[in-house]
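What follows is a set of notes on a single structure, which appears directly below.
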Amino acid sequence: MRTLLILAALLAAISARAEEVLIPGPDGVGLRGVLFPAEPGQPPRRPVLALHGCGGLSPPGAPLRLPVREREWAQLLAAQGRTVLVLDSFGSRGLGPSCGIRGHGAPVALRRHDALAAAAWLAERAGGPPGGVLLLGWSQGGSTTLATIGDLPPGLVRAAVVFYPGCGPRTFRQQPSPQVPVLMLLGEADDWTPARFCKELAARHPDRVEMHAFPGAHHGFDRATPPQLTNLPSGQVVTQGGEPAARAAVLRLVPEFLARHDGVAR
């Protein structure tokens, strides 16, 4: 009980130090983000740029308030000594969620340019080890991450983590080989972004992609909340929510993977 109280106090202190930032984006857009400073006293770690899914962050015009998933991961990684930037591609452009909506104003191709601009800003600001930042993305943010690492400026990104991205054939038939190592985390029961397409993508690049697919896990399996049905504007009904075994596994796998790509003595 005492350990849990100490952890809760640490995470609350990390959130209290977080600040909203504004980053120069493509075509003159000011990109909002929430920057979580690394917890003091930890070894130097590479900073992490986190890319939200189709739900976005806060509504347009509202102060940034991160969803539980994004906030929990940012707190966890900051507690391990990483500066974390959670980028807002949608609200920064006055846009709401894109889930199940065709013709949304911030597709993956545009968000890739957001990621490149934010990665360059974070690399200069965070003061971590030289040699690039780490990318992490969920769902559409995972697809954005995959698109980003196929064509990178030298030294900007060191490695990437993608949670249940969309790897449909229309999007990634011509996907270039990832230029950096990738940790790909999939749910076998995902009925929104089916794992089979991402498995095919991973199989084409076995030297770059470390893939884990979790039995019985739906979209959003890293959440603590149980699965539930979601009705999308397109009429599609999908399942999303946590799966305890998969959640426990990724809470271990992600920090281990990131640590392998810090490039610092331990």
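By the count of other C-beta atoms within 10 Å, a proxy for reagent exposure, ILE149, ILE23, ILE101 are ordered fewest to most as ILE101, ILE23, ILE149. Other residues with beta-carbon under 12 Å from the beta-carbon of PRO194 carry, at +1 per Lys or Arg and -1 per Asp or Glu, a net charge of -2. The Stokes-Einstein estimate for the chain, based on a Kirkwood radius over Cα pairs and taken at 10 °C with 1.306 mPa s viscosity, is a diffusion coefficient of 86 µm²/s. Summing charges over neighbours of VAL250, with a neighbour being any other residue whose Cβ is under 13 Å away from its Cβ, gives -1 when K and R count +1 and D and E count -1. Peptide packing: for 159-166, 236-243, the average count of neighbouring Cβ atoms within 10 Å per residue gives the ranking 159-166, 236-243, highest mean first.
I'd like the FRET efficiency for ALA203 and ALA245, computed as 1/(1 + (r/R0)^6) with the beta carbon distance as r and R0 of 30 Å, rounded to 0.05. My answer for the efficiency is 0.80. Sequence-ordered 3J(HN,Hα) estimates for the stretch 82-97 from the Karplus curve with 6.51, -1.76 and 1.60 and θ = phi - 60° stand at 10, 6, 10, 10, 9, 9, 10, 7, 8, x, 4, 9, x, 10, x, x Hz, glycine and proline given as x. Among the trypsin sites (Lys or Arg not before Pro) in the stretch 15-118, those located in a DSSP loop and surrounded by at most 16 other Cβ atoms within 10 Å of their own Cβ are ARG65, ARG102.
Any idea what the relative contact order of the chain is, in percent, if you count C-alpha pairs under 8 Å spaced at least 6 apart? Please list the in-between numbers first.
Working: 560 pairs, mean separation 40.1, N = 266.
Reported as a whole number, the value is 15 percent.
Throughout, read-outs are computed from the coordinates displayed, never taken from laboratory work. This is a predicted model, so every value here is computed, not measured. With ideal geometry, Cβ positions are generated from the backbone for all residues, glycine too; neighbour counts draw on all protein chains shown.
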